[in-house]
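Below is one structure, written out as structure tokens; the observations come after it.
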Amino acid sequence: MKRIVALLATCATALGLTALAGPQPAAAATGCKVDYTVTSQWQGGFQAGVKITNLGDPVTGWTLKFSLPDAGQKVVQGWNATWSQSGSTVSAAGVDWNRTLATGASTDLGFTGSFTGSNPKPSAFTLNGVTCTGSVGDTPSNPDPGSNGTPVDVNGQLHVCGVNLCNQYNRPIQLRGMSTHGIQWFSKCYTSASLDALAKDWKSDLLRIAMYVQENGYETDPAGFTSRVNSLVDMAEARGMYALIDFHTLTPGDPNYNLDRAKTFFASVAARNAAKKNVIYEIANEPNGVSWTAIKNYAEQVIPVIRAADPDAVIIVGTRGWSSLGVSDGSSETEVVNNPVNATNIMYTFHFYAASHKDNYRATVSRAASKLPLFVTEFGTVSATGGGAMDRTSTTAWLDLLDQLKISYANWTYSDADESSAALKPGTCNGSDYSSSGVLTESGALIKSRISTADSFPTS
Ligand code: IDC
């Protein structure tokens, strides 16, 4: 059951400036807008997004408060702010990377909540102690994807046919899109504004959601990361993009180390997202230092957990040697061809970094593509470290090959990380401009030029 309710509350009065550092001008221009959206609701629970837009002078340091009118309503888990609740009053304070809001800048917060009885809308929004007054309506804030021809509208529920990814008309398609960086580090880069730009300017068909398991990722806060992934799935869906849920195992390289976590995580996201058409599951980013047999065993335990909740979604299985089909471990695709995962509607992962992986890897993909359904869920234009010089020649050779073979891909990364694989210049995610060419790195400019060309998805 999905219900979208949006409340618009405009702060007509002053935005409190008490938290600003240093002396303040006597008469600062003020104003703000709050968009509150219930993105999903289920028995006893709901998830909401809260977008704050600063319409006044720049502020540094803010606290949003609002009232949950039903005594049974509780914030369970919040993100992108420090959340607390006292009685019916909820507080959300800006964190390091979003406490400064330039004029016109927005920041997206969110939380999951529980309720008993009815689930009334919150009220009495204040920002820095100043009541936000204004119109309160029921207008959905997300545009209805309806029939405006987004990738998900056109292609619908995907499935594997032969060695291809096929759409609802059973015709092969190629999806071209971007991967997030680790969402534990770069969540500030995944906002309404940045995803609007990804969908509209980049014309990206998909968003890969890279949820690291270690490195301060999922294992540190399973419920929080699960909700954050779900929220990004919703944000991709609202913009007509496919969402690739990446269980980003990397170190340790044996996915079986995270088997129990994978079962818990995928049981939850698959149940929650089963009715959606835009979800694809990637169960292990880059197995390394581990045999194909061990990876296959892992896959054959995780896939049934997903299928039990979401029977028709495509599932992608990582391969040996950092998802190189074994090549980086001195093996080849034949170990998979001769001993495939015992499941249907699955694909196999291939990753490359253009400056490190060249002709012998391309030869492998060319051979393997006639035998195995492949999905390039991650690649870089640079070296395998994620840094170094961009290799335009190799990247172009790779993307021409993937286009020719109709192999879908996601580029690492749609982020402003200080490394040459990032598509956005450092600091971009502190602002609100994701559309101008000035925010793109050399890699970002090349990849955007490839992704934003028109799709030609078959419609019959
Ligand atoms: C890199 C990030 C870097 C981070 C590092 C360790 O770009 O900022 O410090 O991971 O977490 C992969 C992995 C991907 C790597 C990327 C570049 O899937 O997590 O990201 N890469 O090294 N495989 C090959 C390259």
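The values are calculated or read from the model by the stated rules, or taken from the named source; none is laboratory data. Given the structure is predicted, the values throughout are model-derived calculations rather than measurements. All accessible areas refer to the heavy atoms of the entire protein, side chains included, with ligands and DNA or RNA removed. Shrake-Rupley method; radii C 1.70, N 1.55, O 1.52, S 1.80 Å.
Per-residue ellipticity at 222 nm for the chain, helices alone: DSSP H runs ≥ 4 residues times -39500 (n - 2.57), over residue total, nearest 500 deg cm²/dmol? So the calculated ellipticity at 222 nm is -7000 deg cm²/dmol. A 1.4 Å probe run over the protein chains yields, for region 51-123, 40 Å² of accessible area per residue, whole-number rounding. Under the criterion of Cα pairs below 8 Å and six or more residues apart, the relative contact order for the chain equals 13 percent. For the Cα atoms of the chain, what angle does the longest principal axis make with the long axis of helix 359-368, in degrees from 0 to 90, nearest 10? The angle comes out at about 80 degrees. Partner aspartates and glutamates whose Cα lies under 19 Å from the Cα of residue 358, excluding those fewer than 8 positions away in the same chain, are identified as 286, 329, 333, 378, 391, 400, 403.
Compute the long axis of helix 292-309 from its Cα atoms, compare it with the longest principal axis of the Cα atoms of the chain, and write down the angle in degrees, 0 to 90, nearest 10. Approximately 50 degrees, to the nearest 10. Cross-link reach is defined here as a Cα-Cα straight distance under 23 Å, omitting same-chain residues fewer than 8 places apart; for residue 200 the lysines meeting it are 51, 188, 276, 277, 406, 425, 448.
Volume of the convex hull of region 153-228 (Cα atoms only), normalised per residue: 124 Å³. Taking the DSSP bridge list for the chain and keeping only pairs wholly inside it, about 65 percent are antiparallel. From the P(r) of region 333-375, could you give the percentage of C-alpha pairs in the tail past 13 Å? So the portion of pairs separated by more than 13 Å is 57 percent. Helix 259-273 and the longest principal axis of the C-alpha atoms of the chain enclose an angle of approximately 60°. For the chain, which whole percent of the accessible surface, found with a 1.4 angstrom probe, sits on carbon and sulfur atoms? Looking at the chain in its full context, I get 53 percent from C and S.
Translational diffusion coefficient, Stokes-Einstein: compute it for region 249-337 using the Kirkwood radius over C-alpha pairs as Rh, at 20 °C and 1.002 mPa s, and state it as an integer in µm² s⁻¹. Estimated diffusion coefficient is 161 µm²/s. Using just the C-alpha positions of the chain as equal point scatterers, what log10 of I(q)/I(0) does the Debye formula give at each q in 0.08, 0.12 1/Å? Debye intensities relative to I(0), on a log10 scale: -0.47, -1.02. For region 367-408, the solvent-accessible area with a 1.4 angstrom probe is 37 square angstrom per residue.
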